[in-house]
1. Filtering segment 58-99 down to residues that are hydrophobic (A, V, I, L, M, F, W, C), under 17 Å from Ala3 (Cα atoms) and in contact with a Pro (Cβ under 9 Å, 6 or more places away or on another chain), which residue is surrounded by the most Cβ atoms within 10 Å (Cβ to Cβ)?
2. Out of curiosity, is Val70 in contact (Cβ under 8 Å) with a residue 40 or more places away in the chain, under 16 Å from Ala103 (Cα atoms) and either over 11 Å from the mean Cα position of the chain (by Cα) or not in a helix (DSSP H, G or I) (or both)?
3. For segment 34-43, what are the residues that are out of contact with any helix residue (DSSP H, G or I) (no Cβ under 9 Å at 6 or more places or on another chain) and closer than 19 Å to Ile101 by Cβ?
4. Could you please let me know if Leu78 is under 14 Å from the mean Cα position of the chain (by Cα), part of a strand (DSSP E or B), aliphatic (A, V, I, L, M) and under 26 Å from Asp106 (Cβ atoms)?
5. Just to be sure, is Ala54 more than 15 Å from Ile36 (Cα to Cα), in contact (Cβ under 8 Å) with a residue 24 or more places away in the chain and hydrophobic (A, V, I, L, M, F, W, C)?
6. Taking Arg63 and the conditions (1) assigned to a loop (DSSP other than H, G, I, E, B); (2) of a type in the set (D, E, K, R); (3) farther than 24 Å from Ala95 by Cβ, which numbered condition does it fall short on, given that it satisfies the others?
Amino acid sequence: MSAVNLNREQLQQMIQGEKPVLVDFWAPWCGYCRRIGPAYEKIAEEYGDQLVVAKVNIDEEARLAEEAQVEIIPTLILYKGGAAVDSVVNPGSKAAIDQFIQAALDK
């Protein structure tokens with residue numbers, strides 16, 4: 001399963017669901033975003049049964065990024081129970097994303 005691209009309405013629906021939602025706020029012109037992209041897709045494959053792995057293009061959903069207080073991309077935010085529980089800016093590797101997910105899910 002690959003990461004799902006979301007707009008504002010879809011994100012609002014997903015975060016109200018049963019599964020936690022991991023969202024990558026990114027942009028096509030962002031070099032760091034492109035670099036972490038393959039690792040993020042692996043996360044989607046590995047964690048697909050535990051959580052929803054999604055992406056939000058901040059060029060298309062600027063207001064949503066502003067509401068989430070995303071100032072630097074890539075920013076990953078984990079939502080659980082309808083609210084953001086934690087975030088990480090510019091994770092350097094898949095291992096860093098794994099570590100972030102485990103810590104955030106425990107909150």
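The values are calculated or read from the model by the stated rules, or taken from the named source; none is laboratory data. None of these values were measured; they are calculated from a predicted model. Glycine also receives a Cβ, built like all others from the backbone with ideal geometry; neighbour counts cover every protein chain displayed.
1. So the residue we want is Leu76.
2. No; evaluated as a whole, the condition is false for this residue.
3. Arg35, Gly37, Glu41 - these are the residues of segment 34-43 that are out of contact with any helix residue (DSSP H, G or I) (no Cβ under 9 Å at 6 or more places or on another chain) and closer than 19 Å to Ile101 by Cβ.
4. yes
5. Answer is no for this residue.
6. With (1) assigned to a loop (DSSP other than H, G, I, E, B); (2) of a type in the set (D, E, K, R); (3) farther than 24 Å from Ala95 by Cβ applied to Arg63, the lone miss is (1).
Each row is one residue, and each column tells you yes or no for (1) more than 14 Å from the chain's Cα centre (by Cα); (2) small (Gly, Ala, Ser); (3) modelled with pLDDT of 95 or more; (4) assigned to a strand (DSSP E or B).
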site	(1), (2), (3), (4)
Ser2	no, yes, no, no
Glu9	yes, no, no, no
Glu18	yes, no, no, no
Asp24	no, no, yes, yes
Pro28	yes, no, yes, no
Asp49	yes, no, no, no
Ala54	no, yes, yes, yes
Asp59	yes, no, yes, no
